[in-house]
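Visitor: Have a look at this one before I ask anything.
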Amino acid sequence: NAGVTQTPKFQVLKTGQSMTLQCAQDMNHNSMYWYRQDPGMGLRLIYYSASEGTTDKGEVPNGYNVSRLNKREFSLRLESAAPSQTSVYFCASRRTGGDGYTFGSGTRLTVV
Amino acid sequence: KQEVTQIPAALSVPEGENLVLNCSFTDSAIYNLQWFRQDPGKGLTSLLLIQSSQREQTSGRLNASLDKSSGRSTLYIAASQPGDSATYLCAVRPGGGGSNYKLTFGKGTLLTVNP
């Protein structure tokens, strides 16, 4: 099925470790987004990419970096993981000029 | 800064009941409003999207309304079923140019429909 694929689905990191969350979409969408979801906080935008080759900060970008590798892929990197980054991370995409957002199934990250 | 509030935070109803979920937003300059469903441990599924110029949208047993001037939207679920149990999220996309790609989400309403 077409959609947004996130890997891994689960990950446990030790404080200070680094990792990259992968996201790929096969719908030829131009815009891609990374959100985090925390209890009592709702979903908050970390970074987004309006089109291939561009990235911009969202509401909570500190501690993260992103790469829009090509039109399909948008990765999120934690250089030095902290317990405060324990969360569920969602990637989403949207067609230029379109209104609907398609979300991936999420990556559950625990930093100990 | 746009803020989106959803009331109630949790709702438990018996099967068959009609129910209303509420969403309010502080900045009425929105482009559209979207309702999502999230099942436990899963991603978000889009249910209904209402453009700022529209008053309502319907899909099956779901009806979403929008009163932009008052900053309110409601999601009406008719004849609720246990399969409707999930968290329902409301999100607004800002109007205007520039960084209008970003959705602002409410914290959601956790709905439980009891058989």
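The values are calculated or read from the model by the stated rules, or taken from the named source; none is laboratory data. From a predicted model like this one, the values you see are computed outputs, not experimental measurements. Note: ideal-geometry Cβ built from the backbone for every residue, glycine included; neighbour counts use all protein chains shown.
Visitor: Kindly indicate the residue of the range A:53-81 that is closer than 19 Å to B:Leu103 by Cα and touching a Cys at 6+ places or on another chain (Cβ under 8 Å) and also surrounded by the fewest Cβ atoms within 10 Å (Cβ to Cβ) among those meeting that condition.
Guide: A:Leu76
Visitor: Can you tell me which residue in the range B:27-44 is nearest to A:Thr7 (Cα to Cα), limited to those that are more than 8 Å from chain A (Cβ to nearest Cβ) and of a type in the set (D, E, K, R)?
Guide: B:Asp39
Visitor: Could you list, in sequence order, the residues of the range A:97-112 that are among the hydroxyl-bearing types (Ser, Thr, Tyr) and assigned to a strand (DSSP E or B)?
Guide: A:Tyr101, A:Thr102, A:Thr107, A:Thr110
Visitor: In addition: Please indicate, with yes or no, whether at least one residue in the range B:58-68 is surrounded by fewer than 18 Cβ atoms within 10 Å (Cβ to Cβ), closer than 21 Å to B:Lys1 by Cβ and at pLDDT below 95.
Guide: For the range B:58-68, residues surrounded by fewer than 18 Cβ atoms within 10 Å (Cβ to Cβ), closer than 21 Å to B:Lys1 by Cβ and at pLDDT below 95: absent.
Visitor: Which of the residues spanning the range B:1-20 are in contact with a Pro (Cβ under 8 Å, 6 or more places away or on another chain) and surrounded by 15 or more Cβ atoms within 10 Å (Cβ to Cβ)?
Guide: Correct list: B:Gln2 only.
Visitor: For the range B:101-108, does any single residue satisfy the condition of being of a type in the set (A, V, I, L, M), modelled with pLDDT under 95 and within 30 Å of A:Phe10 (Cβ to Cβ)?
Guide: The answer is yes, given that some residue of the range B:101-108 is of a type in the set (A, V, I, L, M), modelled with pLDDT under 95 and within 30 Å of A:Phe10 (Cβ to Cβ).
Visitor: Any idea how many residues of the range A:32-59 are among the hydroxyl-bearing types (Ser, Thr, Tyr) and in contact with a Leu (Cβ under 9 Å, 6 or more places away or on another chain)?
Guide: 3
Visitor: Same structure, new question: Go through the range A:40-49 and count every residue that is buried (at least 19 other Cβ atoms within 10 Å of the Cβ) and either more than 13 Å from the chain's Cα centre (by Cα) or at pLDDT 95 or above (or both).
Guide: Of the residues in the range A:40-49, 3 are buried (at least 19 other Cβ atoms within 10 Å of the Cβ) and either more than 13 Å from the chain's Cα centre (by Cα) or at pLDDT 95 or above (or both).
Visitor: Given the residues B:Arg61, B:Arg55, which is the only one that is more than 22 Å from A:Arg94 (Cα to Cα), touching a Leu at 6+ places or on another chain (Cβ under 9 Å) and free of Cβ contacts under 8 Å to residues at least 24 places away in the same chain? I'd like the intermediate steps shown before the answer.
Guide: Numbers: B:Arg61 fails: touching a Leu at 6+ places or on another chain (Cβ under 9 Å).
Among B:Arg61, B:Arg55, only B:Arg55 is more than 22 Å from A:Arg94 (Cα to Cα), touching a Leu at 6+ places or on another chain (Cβ under 9 Å) and free of Cβ contacts under 8 Å to residues at least 24 places away in the same chain.
Visitor: While we're on this one: Identify all residues within the range B:44-57 that are buried (at least 17 other Cβ atoms within 10 Å of the Cβ) and in contact with an Asp or Glu (Cβ under 8 Å, 6 or more places away or on another chain); write none if there are none.
Guide: B:Leu49, B:Ile50
Visitor: All but one of (1) of a type outside the set (Val, Ile, Thr); (2) surrounded by fewer than 16 Cβ atoms within 10 Å (Cβ to Cβ); (3) more than 14 Å from chain A (Cβ to nearest Cβ) hold for B:Leu111; state the number of the condition that does not hold.
Guide: (2)
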